[in-house]
Each structure stands twice: as structure tokens, then as C-alpha cells.
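Here the structure is laid out as C-alpha cells; the discussion comes afterwards.
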């Protein structure tokens, strides 16, 4: 398989046999991005394939190859050209990414094209990254009826077992006994008990390594609670555990690479449901931090479960806390579905993370923790409200709420969508592990791997 830029396709075409040149002319192949043409041999079979890379703009990324598997016949291909190691790795990962299908509920499963690994690609990374991305996308795509808090915890337990990591969970009343009252309050109305999952992993000989804590919002379904969402607002709420999916899949990738850091993962897993004991608008909730929160809206539940997890993480003073959450529609209004919003309490960390994510073609967009809005979270009867009185800057208000619960540690908050909302080559509508690759690259650059 040839991969060609638009500015080199004509010279390549002229070097082909007469039959191939005529065929390419008939097909009007100009190496447009994602365009694929199959070239016949003299016997009427397939001699090779040519795929377009579009205009030459910087380095190749996985997105140049993601659309190929669905456009090629179910054969095994090898690259006809040599690429640098970094680009070969990206192309191999892109091919694997584009071959993903969520077919758990389908009776018919189609075979797809495969790619022979380029000799200089980092195939250990490709295999682990492809598996991590598939895990996260599978979890996000699975309906809530088959992937509730218990199933999310079971997935975390399996990840822990694969890497000999410590695993612990607090379930139902255990949350109150262990002082996680906000997590319990949000999830208590569901028939599936709320829980907090914890993984701990130290690489061999890494007892002196710095520690990193990943936190993922695990709302397995969000009805909105008593401030119930309209039906169209609930349609995608199986993906409201996308932050937890990314955190767990990222942990798998980091442990597979043997990052030089002690890793801790916290996942508060709940269903925001409605029943007679559901928490109510106007209730005042206790939190692990000791701050009291007036509930201005039960549909702002993600920040309530995260605040207990953040306080728990902050108490150990790790080198870095990163939380992932499908937290606000306001972030999507501001940036759209493809750009997760990035907040943090250390500017240097935010800028370095944004740079690393951009280099990995997994962008994050820095947003301000604007202190001037902090008083919008005031409550007349509690320490703060879980929503602001203003209808503006909702993503910033949510981040400012979370910031109250991290006072001792460097912290980053990523407000992501976790979903592809339109079909693109290699990226069909469905779950998306946004920020996973970008954060991985940043952490590997900062801490190193074995």
C-alpha cells in the first residue's frame, strides 16, 4: 500500500506500468486525504492499493491512517514506503484505531483489513495504546443497563489484577462510614449501590518515585435526578462515565509502559437516579473536605462525587492530580465536542500538558480558573452551592467548585465530551477516549518509563 501526498502523486503515477497509469487516470486519483484506489494486476487481481494523505502539513498522525481499514478489502497490507519511526508508529496506531467496531450486540461481524507492522514502529506502544483506546470506547458505548456502577468497578478490578495493583472499593453504607457523604448522596436513589473504587500501583523498585493520582467521573447513567433531564438530554447519558473510562484505560497504558511513578486511580461510580430517597434541590450535603454544599441543581451531580474523591486524593499530597469528567454542557458550547477544556492550578503544568497533547494530535484547550467568578458559588445557608447563580461561564464555575477541594497539590481538570458526534474517516459516531493519548505523552515526558 502506497501512502501519497497530493504534491507527489503525479510523479509516482508516471513511474507505474502503463496499465496502472491508465487506471489511475480513469479513477482521477489525486491523493486526496482518505481517498483509496485499488490497482489491478495483469491477471485481474489486486496488485496494490494507493491511499491519499492530502496536502502536506506537518507530521503524519494517526488520523491520516484511521480511515483506511474501512476503505480497503479484508486483506493484510504492508506499507510500500519507509517512514520515520514516529510517523510509522502513528500510522500503525491509526490503522488499529480505525479498525475498531463496537459489535457486542450485532449478530454479523465483518472482517476488516489489517496492516503488517512497519519494522521501525514502536509496536509495543501501538498494541497497548490500541487496547487502551478500545477498552475505553467499549465501556462508553455499552448501555447503562449492562454497565452500571458494579460493572464499572468490575472492569477496574480486572485492570488491577492484570498489573498486580492494589484494589479497594467502598460500597453503599461503607461510603458513609469512610466519610464519602457526597458520593453516597448522589448515588443512593439507584437500585445499584454507589461506590468508590481505588487502584494503587507501584512499579518494581519504584517506592521512591513520585505519585500521580488519576480521578474519573463514573456516573454510569444520569437522569438528572429530581431536576430531571428532558428525554433528548438523557439520550447519551450512558457516556456520563466517560471520564472514568479514560482514567482507567490511561492507567492500563501507563502501567503497561512501566511509568516511573506511583499510580493511584480513584473512580466514584454512581447512577444519578430518581426514587423516594433521592437527594433534593435545596438539600445541604456534607463532603469529605468538611465543606457543606447546598444543592442548587441535582443535575450538577458530577462535581459532587468528584469533590469527595479530590479531597481524598489531595490529602496524600501527590506530585499531580488529574481528573477527567464529562462535566458541563457549557464546555461544549464554548469549545464544541472535539476540544476538551483544560483547567489547572499551576500554569506551567497546564501549558506543558496542552503542548504535549497537541503534539500527540489529541488536543486540550486551556481555560481560566477566573477568580473573579468565585463568589458566584456562594450559598446563603452553606459554605457553597453546587451551581452558580449566573447562566454564563458554566465550565469555569464547575472548575472553580472543584478547586475548593484541592488545596495541597498540583491539580488538572479536564472537562471532556467522550463522544464522536459525527461520522469521520475512522471515527464513527460513538464513544471516544479523548485526552488519553495526550495525557499519556505528557506523563511519560515528565516522569519517564522503564
- Note on the structure: From the option list 156, 160, 144, single residue qualifying as touching a strand residue (DSSP E or B) at 6+ places or on another chain (Cβ under 6 Å), assigned to a loop (DSSP other than H, G, I, E, B) and in the same structural domain as residue 220 (by TED's automatic domain parsing) is 144
- Query: Which one of these does residue 174 not meet: (1) over 25 Å from the mean Cα position of the chain (by Cα); (2) closer than 23 Å to residue 402 by Cβ?
  - Reply: (2)
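Residue-by-condition table, conditions (1) modelled with pLDDT of 95 or more; (2) assigned by TED's automatic domain parsing to the domain that holds residue 215; (3) crowded, with 21+ Cβ neighbours inside 10 Å:
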| position | (1), (2), (3) |
| --- | --- |
| 83 | yes, no, no |
| 112 | no, no, no |
| 129 | yes, yes, yes |
| 134 | yes, yes, no |
- Query: How about segment 11-45: which of its residues are at negative phi and loosely packed, with under 13 Cβ neighbours inside 10 Å?
  - Reply: 11, 14, 15, 17, 18, 22, 25, 26, 41, 42, 43, 45
- Note on the structure: The condition from (1) within 27 Å of residue 237 (Cβ to Cβ); (2) outside any loop (DSSP other than H, G, I, E, B); (3) under 22 Å from the mean Cα position of the chain (by Cα) that residue 186 misses is numbered (3)
- At least 3 residues that are within 25 Å of residue 258 (Cβ to Cβ) and touching a helix residue (DSSP H, G or I) at 6+ places or on another chain (Cβ under 6 Å) in each: list the helices (runs of 4 or more DSSP H) lying fully within segment 336-448 that qualify. 347-359, 436-447
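Tell me, which helices (runs of 4 or more DSSP H) wholly within segment 1-95 include 2 or more residues that are touching a strand residue (DSSP E or B) at 6+ places or on another chain (Cβ under 7 Å)? Walk me through how you get there before you give the answer.
Values: elements: 9-14, 18-27, 62-65.
Of the helices (runs of 4 or more DSSP H) lying wholly inside segment 1-95, those with at least 2 residues that are touching a strand residue (DSSP E or B) at 6+ places or on another chain (Cβ under 7 Å) span 18-27.
Yes or no: residue 7 surrounded by fewer than 16 Cβ atoms within 10 Å (Cβ to Cβ) and touching a residue at least 40 places away in the same chain (Cβ under 8 Å)? Give the derivation first.
Working: surrounded by fewer than 16 Cβ atoms within 10 Å (Cβ to Cβ): yes; touching a residue at least 40 places away in the same chain (Cβ under 8 Å): yes.
So residue 7 passes the test.
Among the residues of segment 165-183, which ones are in a loop (DSSP other than H, G, I, E, B) and in contact with a strand residue (DSSP E or B) (Cβ under 8 Å, 6 or more places away or on another chain)?
If the condition is that a residue be in a loop (DSSP other than H, G, I, E, B) and in contact with a strand residue (DSSP E or B) (Cβ under 8 Å, 6 or more places away or on another chain), then 165, 172, 178, 180 are the ones that fit.
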- Task: Might you check whether a residue that is farther than 25 Å from residue 160 by Cα, in a helix (DSSP H, G or I) and within 22 Å of the chain's Cα centre (by Cα) occurs anywhere in segment 96-113?
- Result: yes
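Results for (1) within 30 Å of the chain's Cα centre (by Cα); (2) farther than 20 Å from residue 126 by Cβ, shown as yes or no for each residue.
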site: 24; (1), (2): no, yes
site: 35; (1), (2): yes, yes
site: 65; (1), (2): yes, no
site: 77; (1), (2): yes, no
site: 80; (1), (2): no, no
site: 84; (1), (2): yes, no
site: 92; (1), (2): yes, no
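Could you tell me whether residue 373 is in contact (Cβ under 8 Å) with a residue 24 or more places away in the chain and either more than 20 Å from residue 303 (Cβ to Cβ) or not assigned by TED's automatic domain parsing to the domain that holds residue 87 (or both)?
Details: in contact (Cβ under 8 Å) with a residue 24 or more places away in the chain: yes; either more than 20 Å from residue 303 (Cβ to Cβ) or not assigned by TED's automatic domain parsing to the domain that holds residue 87 (or both): yes.
In short, yes.
Quick check on segment 24-37. Is at least one of its residues under 27 Å from residue 136 (Cβ atoms) and either touching a residue at least 24 places away in the same chain (Cβ under 8 Å) or in contact with a helix residue (DSSP H, G or I) (Cβ under 8 Å, 6 or more places away or on another chain) (or both)?
So in segment 24-37, the residues under 27 Å from residue 136 (Cβ atoms) come out as 33-34.
Then drop every residue that is not either touching a residue at least 24 places away in the same chain (Cβ under 8 Å) or in contact with a helix residue (DSSP H, G or I) (Cβ under 8 Å, 6 or more places away or on another chain) (or both), which leaves 33-34.
Yes, some residue in segment 24-37 is under 27 Å from residue 136 (Cβ atoms) and either touching a residue at least 24 places away in the same chain (Cβ under 8 Å) or in contact with a helix residue (DSSP H, G or I) (Cβ under 8 Å, 6 or more places away or on another chain) (or both).
The values are calculated or read from the model by the stated rules, or taken from the named source; none is laboratory data. Computed from a prediction, not measured in an experiment: that's the story for all the values here. When we count neighbours, we look across all protein chains shown, and the Cβ atoms used for this are built from the backbone with ideal geometry, even at glycine.
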